[in-house]
Amino acid sequence: MSDPESMTDSNETPRGDFAGFRKYMKFDLVSGLLVFLIALPLCLGIAGASGFPAINGVFTAILGGIICGFLSNSELTIKGPAAGMIAIVLGCASEFAVMAGVEKDNGDAAIYMQYLPSVAAVAVVAGIIQVVFGLLKAGALADLFPSAVIHGLLAAIGLIIIGKSLYPLLGLKPNGALEAYEAYLDLPIHAYHFAWQVALIGFASLAILFAYPHLKKRIAICKTIPPQLIILIIAIPVAMFLFKDFDKNSRTYDIEHEGHAEPQVVKSLLVKVPDSPAKLPAAFIYPDFKNIGTRTFWTWVLMFTLVGSLESLLSAKAVDVLDPWKRKSDLNRDLLAVGIANTAVACIGGLPMISEIVRSSANKDFGARTRWSNFYHGFLLLISIIVLPTVLNLIPVTALAAMLIYAGCRLAHYREFLHMWHIGKEQLLIFLSTIIGVLMTDLLIGVGIGILVKILVQLCLGVNPLHFFRIPSVVEETENKIFLHLESSAVFSNWLILRRKIMKLPADREIVIDCAHAPFIDHTVMTRLYELKSEFAQAGRVLSIEGLDNHKSMSHDDLAARKVSKR
């Protein structure tokens, strides 16, 4: 794609006000159209993998695009359902079912559908809490958690997505609601009965997705056509041919195996959405608050709020880095917008939404200028479910599973593991502990395990436990500079305190963070300090970091943790 800067008529920074709506419409509309083509199959697939009707994922992106397009000032982010929330939504429905006496290994989707109103109630409360967080300017919460734990959480979610999606990719139905690790352990048993007609489309879709980044470098047209559209163009007619023997009424493909009375192939080979606009309201799932007084309800509210807010804020920050005009999102306003949209969509049974990094990155690559591209993508999704339901009902589920596996592979990419090793062995330990904890227990306990390991590592490295939530410092002012002398270790748990001290210093001079007397500075703080340095530079201010000459780095990475060398 051409450099977005070169495509504008002036050097003016685009803004998503009504003047920008008119001026940049041709760019935002084209990008919104292309992002719509990516979002449509992903929304359907994410909803299906979450245990919801496929159309409900589209509801989320519609309201995310329209509501956040007006309320947020995050210019390039695309709002919608994310693969990272699949494990949370699915786990929530499963736990409510178990609370009601359903056996944990009962994999009947119809049974779990009965508990989606309770999931919607959880999502409503979580959305309201996000609104409160936005009003209280709690966008800085994204900086509270250790970097290695956040990366471990996202990688674990990616592995969960892959494990769960391998079954529909092969046309299989697992025995019951499997735990994350069980999905991998049981796969060889089920894979013996896979349906080659289904798997052929699934693996072909995966091949396209993994090959496409390389094709984009060699074939110009691939830069403007999303791979998801290519998959649908190929998969729909191939599925119509290969699945011609399946019963269109029951949507089952019955493959007989000796000793197996029931079909081994998953029942829904094709997406199923309402086939007319008049039937769309029937897909709404209204919240049921009957479990609001239970511990389980509030545990999942915490999970929805914590993971959804963190992933959304981190994605918005990442997109700001990609922005050619270096515009900075108001994270508090963005959290408020996402919270309002989440509350609204949960009232009709939509999935939780976040600022989605993959679609947002594509939005930038397609030449979007302002947040109106997010609005256009949501509006086009609305038009699609009204005008194109017949086409949507021809999409094979295995193709959507391939897209989810690809998304999971991006979250759990091998480069994440190599990166953690590169920045320090202790970071890799925290990262792996979080992944194992999530896979063997659940997301909330897994995050807790990762944080506990982080604290134990810091104690072993000599951090004073009295300084975990305080950071003594001394301010020294000169004519040209203001020095902030740190007198204790700087770690993830006291970063927000340190950041508040820095932001309160006068803005008329260079600010110097003197780390000479800080016994230990962890990787999270090093990362946040350099992010803050970039923010200062964008605002025309100067932030310097000094006093690290006597510190020994935990690895060769510039942002690795540092410990004062013994003299």
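Observations
- Taking amide H as placed 1.01 Å from N in the peptide plane, the amide H of His551 sits under 5 Å from that of Ser565, each at least 5 places away or on another chain.
- Net length gained if the chain between Leu452 and Arg295 were fully extended (0.36 nm per residue, minus Cα distance): 54.2 nm
- Ordering Ile451, Ser493, Asn480 by Cα displacement along the dipole of segment 428-497 toward the positive end leaves Ile451 in first place; charges were set at the Cβ atoms of Lys, Arg (+1) and Asp, Glu (-1).
- The helix-based estimate of mean residue ellipticity at 222 nm for the chain, built from -39,500 (n - 2.57) per DSSP H run of four or more residues and divided by its residue count, is -18500 deg cm²/dmol to the nearest 500.
- Relative packing of 212-224, 230-242, which averages over residues the other C-beta atoms within 10 Å, highest first: 230-242, 212-224
- For segment 223-235, 3J(HN,Hα) per residue [Karplus equation, 6.51 cos²θ - 1.76 cosθ + 1.60, θ = phi - 60°, Hz, x = Gly/Pro]: 6, 10, 10, x, x, 4, 5, 4, 4, 5, 4, 7, 5
- Summarised in one figure, the compactness ratio Rg/Rh of the chain, Cα atoms and Kirkwood Rh, is 0.99.
- Measuring against 30 Å, Cα to Cα, the residue pairs Lys137/Lys364; Lys173/Lys425; Lys454/Lys481; Lys26/Lys216; Lys79/Lys425 contain Lys173/Lys425; Lys454/Lys481; Lys79/Lys425 as the ones spanning a longer distance.
- Built amide H within the under 5 Å cut-off of Ile545, gap 5+: Ile513
- Amide H to amide H distances under 5 Å link Ile354 with Gly80, Ala82, where only residues 5 or more positions off or on other chains count and H is placed in the peptide plane.
- Label separation (Ala207 vs Val132): 5.3 nm, computed from points 7 Å beyond Cα along the C-beta direction.
The numbers here are math on the coordinates, done by the rules we state, and not lab data. Since the model is a prediction, treat every value here as computed from it, not as a measurement. Here the Cβ is made from the backbone with ideal geometry for all residues, glycine too, and neighbour counts use every protein chain on show.
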